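Worksheet: one structure, shown below.
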2 protein chains.
Amino acid sequence: MRSENLVIAVVGASGAVGAEILDCLEKRDFPVGGLKLLASARSAGKAMRFDGKDVIIEEVSESSFDGVDIAFFSAGATTSRKYVDVAVKAGAVVIDNSSAFRLEPGVPLIVPEVNGAELSRHKGVIANPNCVAAIMTMALAPLHRARPIRRVAAATYQSASGAGAAAMEELRDGTAAYLDERPFQASVLPHPYAFNLFSHNADVDMESGYNGEELKVIAEARRLLDIADLPIGITCVRVPVLRAHSMALTVEFDSPLSVDEARRILAAAPGVRIVDDREANYFPMPSDASGIDEVLVGRIRSDLGDPSGRSLALFVAGDQLLKGAALNAVQIAECLLDQRMASAAAA
Amino acid sequence: MRSENLVIAVVGASGAVGAEILDCLEKRDFPVGGLKLLASARSAGKAMRFDGKDVIIEEVSESSFDGVDIAFFSAGATTSRKYVDVAVKAGAVVIDNSSAFRLEPGVPLIVPEVNGAELSRHKGVIANPNCVAAIMTMALAPLHRARPIRRVAAATYQSASGAGAAAMEELRDGTAAYLDERPFQASVLPHPYAFNLFSHNADVDMESGYNGEELKVIAEARRLLDIADLPIGITCVRVPVLRAHSMALTVEFDSPLSVDEARRILAAAPGVRIVDDREANYFPMPSDASGIDEVLVGRIRSDLGDPSGRSLALFVAGDQLLKGAALNAVQIAECLLDQRMASAAAA
């Protein structure tokens, strides 16, 4: 990286995550010296606001990354496979929100609060995790540091935003049609979404019966927590919620961890907010998690399904577009900046 | 019971479950010789259709049950505690949909397909289980008969109907307001419901952190399956779905049960329909479960969270108002009728 104020590129700027990346950069006062908004030909020519100015989206091409310091990729695995190398060769550091490189040994997969120290071994590409894996490990990592985790069971309540802006629109439009008793044909997601839910639409592995989303979460959570063979059972479900993911987790530890201890650990964990009011029956909800940076954790209790007393149950909610995507990507960029400043100070 | 065509009373006729009981009686050609619709003073005087005729709702009172053969109670635990004894003394057999007597040792708690044989030991009152317990055990009982279950983990996706017709209306109205960007004040449920979800609103036990719904399901599933101390870990969540409950289940068996074997067992289980198409990514959904009698079971797979290979994962959806309430109650009445005909034949 070359300048104090960095030249930033956002690939997939017109998508749901792209817009949130711009918002995070602006809100967090990231030192943006130049901004290139890149997307497919379909979105090229449209303008987006940044820092009070209109920035025109350009079509991404082989020459898009000249002079770019940090490139955020958020346009799906196919685009990342095509252009990430180009960007790295042009001298940019890539923060990739797609699944393309998340399991490559040479590419660190990072949630700063979980495994930020891994970041320094990057060779030009840093992978931003799957949204469920990021939100889940925000709750699990602090506990794991205190008491090793040996098994996880998860059921998710995933929002429309995970399938992009068009899916959010389809949920709104399909619901309005349902209420008006008008026919509605879903085109983004494979099932009716109004007042309905369905197993995650990622392809199902015929052998195991797990879908692609579940297998991603398992593999990525293991990498993020650095527990190679952690047994994780998970069911990923899309619910008619717009932009925050929730999940019910059961966590088995090496030895019992008390509810009070877990609550103390999580209360001190950066990026985590405890919402656990038994008396008021107030716990993490997507409506509260939407639009905020923190991951909400509550319903912390000893799991009645494990008589050994070694398991805790939790309920977690986090903004899919923020900690599950854009915010985490921008936090990774902030870590890069810190490292750069640290090495400049040391020099 | 005195006549070939039975005199039926429905207490709580004007509620969501009451209406479904009438519908089930009609659709299933139950031999209704007389029908008394009973409710609070608020609903008295209103008419409901049954078998092509208007029936006027009467206010429930001490004398309501004279001449009644079978009384369905579906007006909450307080009404049941007040009037069930009155009905039994008047000679009626009570099928109670409230939680009032579900854990009383002398009162059989019945899902006909699960433990119908228990019905014969009734002393005038039969309890209809909690909706989640009924739907869950429809999937678990056939498996348990083949291979003993020793642990269950559940996360639920519960619909508005579980909180009654007013909650369904609140979900519709709140969602319409959200889409129109109008303010909306929830009054039935304690949290915003449009595109949101929340931990079940039943009071939370301050000691364990489990809520009343979860504790009901644990106690009732144990009774229905007749496994006194079965460890069950459960998280009950209300999702913005109108009338079918779904649940992600993980079931540990005494010894491994293969996916194929489980699918065969469930395919042969009465009242269960397998919806488990991995290739088409088609699994149980509330939209498919709503309005039908069968409980849908799918996503049958070996649980990756249990390396011992002794656990299966399932996803289940069932109509909360039908198998979770009204249908099961009417099926209990049909069993009573069968027993009566059997004893008449034997005499």
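Averaged across the residues of A:250-261, what count of C-beta atoms belonging to other chains lies within 10 Å of each residue's C-beta?
Values: counts 7, 0, 1, 0, 0, 0, 0, 0, 0, 2, 0, 0.
If you average over the peptide's residues, the count of other-chain Cβ atoms is 1.
Pick from B:Val330, B:Val217, B:Val55: which residue has the top mean-square fluctuation in a GNM of chain B where Cα pairs under 10 Å get a spring?
Among B:Val330, B:Val217, B:Val55, the largest GNM mean-square fluctuation belongs to B:Val55.
If you put a point 7 Å past Cα along the Cβ direction, how far is that point for B:Glu261 from the same point in each other copy, in nm, smallest first?
3.8
Highest GNM mean-square fluctuation, chain B, Cα pairs closer than 10 Å: which of B:Ser246, B:Ser255, B:Ser159?
The residue with the greatest mean-square fluctuation here is B:Ser255.
For segment A:94-206, with all protein chains present and a 1.4 Å probe, just round the carbon and sulfur fraction of the accessible area to a whole percent. Before the final figure, lay out each step's value.
Values: 2050 of 4060 Å².
Accessible surface attributable to carbon and sulfur in segment A:94-206 totals 50 percent.
Please report the net charge: other residues with Cβ closer than 12 Å to the Cβ of A:Leu249, K and R +1, D and E -1.
+1
Rank A:Ser208, A:Ser61, A:Ser161 by mean-square fluctuation in a GNM of chain A with C-alpha springs under 10 angstrom and give only the top-ranked residue.
The residue with the greatest mean-square fluctuation here is A:Ser208.
What's the buried accessible area, both sides, between B and A using a 1.4 Å probe, rounded to 100 Å²?
Working: alone 15480 and 15470 Å², together 25900 Å².
Chains B and A together bury roughly 5000 Å² of accessible area.
Compute, for chain B, the length of the dipole vector about the Cα centre, with Cβ point charges of +1 (Lys, Arg) and -1 (Asp, Glu) only. Units Debye, rounded to 20. Walk me through the numbers on the way to the answer.
Values: 34 positive and 45 negative charges, 77 e Å.
Here the size comes out at about 360 debye.
Using the structure shown, select from A:Lys27/A:Lys216; A:Lys216/A:Lys323; B:Lys89/B:Lys216; A:Lys123/A:Lys216; A:Lys82/A:Lys123; B:Lys27/B:Lys82 the pairs with a Cα to Cα distance greater than 21 angstrom. Before the final figure, lay out each step's value.
On the way: A:Lys27/A:Lys216 30 Å; A:Lys216/A:Lys323 17 Å; B:Lys89/B:Lys216 28 Å; A:Lys123/A:Lys216 23 Å; A:Lys82/A:Lys123 17 Å; B:Lys27/B:Lys82 30 Å.
Beyond 21 Å between Cα atoms: A:Lys27/A:Lys216; B:Lys89/B:Lys216; A:Lys123/A:Lys216; B:Lys27/B:Lys82.
What are the residues whose amide H is under 5 Å from the amide H of B:Phe198, where those residues sit 5 or more places off or on another chain and H is modelled from the backbone?
It is B:Arg238, by chain and number.
Quick one: label points 7 angstrom along Cα→Cβ at A:Glu104, distances to the other copies in nm, smallest first?
So the distances to the same position in the other copies read 6.8 nm.
In percent, how large is the relative contact order of segment A:1-147, given Cα pairs closer than 8 Å and 6 or more residues apart? Before the final figure, lay out each step's value.
Numbers: 277 pairs, mean separation 27.6, N = 147.
Here the relative contact order equals 19 percent.
About its Cα centre, how strong a charge dipole does segment A:215-297 have in debye, to the nearest 20, once Lys and Arg get +1 and Asp and Glu get -1 at the Cβ? Write out the running numbers ahead of the final one.
Numbers: 9 positive and 13 negative charges, 77 e Å.
That gives a dipole near 360 debye.
Net charge within 11 Å of A:Gly212 by Cβ-Cβ distance, Lys/Arg positive one each and Asp/Glu negative one each, not counting A:Gly212 itself? Please list the in-between numbers first.
Details: positive: A:Lys216; negative: A:Asp203, A:Asp205, A:Glu213, A:Glu214.
Here the charged neighbours net out to -3.
Measure off, as a whole percent, the carbon and sulfur share of the 1.4 Å-probe accessible area of segment B:246-342, all protein chains present.
Details: 1560 of 3030 Å².
Carbon and sulfur atoms account for 51 percent of the accessible area of segment B:246-342.
Largest first, what is the accessible-area ranking of B:Glu181, B:Glu214, B:Glu252 with a 1.4 Å probe?
Result, largest first: B:Glu181, B:Glu252, B:Glu214.
In terms of modelled amide H atoms, which long-range or inter-chain residues lie less than 5 Å from the amide H of B:Arg273?
For B:Arg273, whose amide H was placed from the backbone, the distant partners under 5 Å are B:Val295, B:Leu296, B:Val297.
Please grab the % of Cα pairs in the protein assembly as shown that end up more than 34 Å from each other. Could you put the intermediate results ahead of the total?
Details: 117191 of 240471 pairs.
Percent of Cα pairs beyond 34 Å in the protein assembly as shown: 49.
Expressed as a whole percentage, what fraction of the accessible surface of segment A:47-92 belongs to carbon and sulfur atoms when a 1.4 Å probe is rolled over the protein heavy atoms? Intermediate values should be presented prior to the final figure.
On the way: 1100 of 2330 Å².
Answer for segment A:47-92 is 47 percent, counting heavy atoms of protein chains only.
Taking a probe of 1.4 Å, how large is the accessible area per residue of the protein assembly as shown, in Å²?
Details: 25900 Å² over 694 residues.
In whole numbers, the protein assembly as shown has 37 Å² accessible per residue.
How many angstrom lie between the C-alpha centres of segment A:297-347 and segment A:126-164?
Answer, in whole Å: 8.
Put the label 7 Å from Cα along Cα→Cβ for A:Lys89; what are its distances to the other copies, in nanometres, shortest first?
In ascending order, 9.1 nm.
Order the following by accessible area, largest value first: A:Cys335, A:Cys236. Probe radius 1.4 Å; ligands, DNA and RNA are ignored.
The ordering from most to least exposed comes out as A:Cys335, A:Cys236.
So which residue of B has the beta-carbon closest to the axis that swings B onto A, and how many whole Å away?
That would be B:Ala155, 2.
Let me have the relative contact order for chain B, percent, based on Cα pairs under 8 Å that are six or more residues apart.
Numbers: 747 pairs, mean separation 60.1, N = 347.
It comes to 17 percent, rounded to a whole number.
Would you work out the relative contact order for segment A:165-301, in percent, from Cα pairs under 8 angstrom that are 6 or more residues apart? Walk me through the numbers before you get to the answer.
Details: 136 pairs, mean separation 23.3, N = 137.
For segment A:165-301, the relative contact order is 17 percent.
With the solvent-accessible surface defined on protein heavy atoms using a 1.4 Å probe, which residues belonging to segment B:170-203 display a reduction of at least 50 Å² in accessible area in the multichain context relative to the isolated chain?
Residues losing area: B:Arg172, B:Leu179, B:His191, B:Phe195, B:Asn196, B:Leu197, B:Ser199.
What residues of segment B:295-319 lose no less than 50 Å² of accessible area with every protein chain in place versus their chain by itself (probe 1.4 Å, heavy atoms only)?
Residues meeting the cut-off: B:Arg299, B:Arg301, B:Leu304, B:Gly305.
Put +1 on the Cβ of each Lys and Arg and -1 on the Cβ of each Asp and Glu in segment B:1-98; which of B:Pro31, B:Ser80, B:Ile8 then has its Cα farthest toward the positive end of the dipole?
B:Ser80
The values are calculated or read from the model by the stated rules, or taken from the named source; none is laboratory data. These figures come from a predicted structure and were not determined experimentally. Positions of Cβ are backbone-derived with ideal geometry, glycine not excepted, and every protein chain shown enters the neighbour counts. Just so you know, the surface numbers come from the protein's heavy atoms only, side chains and all, with ligands and any DNA or RNA stripped out. Shrake-Rupley method; radii C 1.70, N 1.55, O 1.52, S 1.80 Å.
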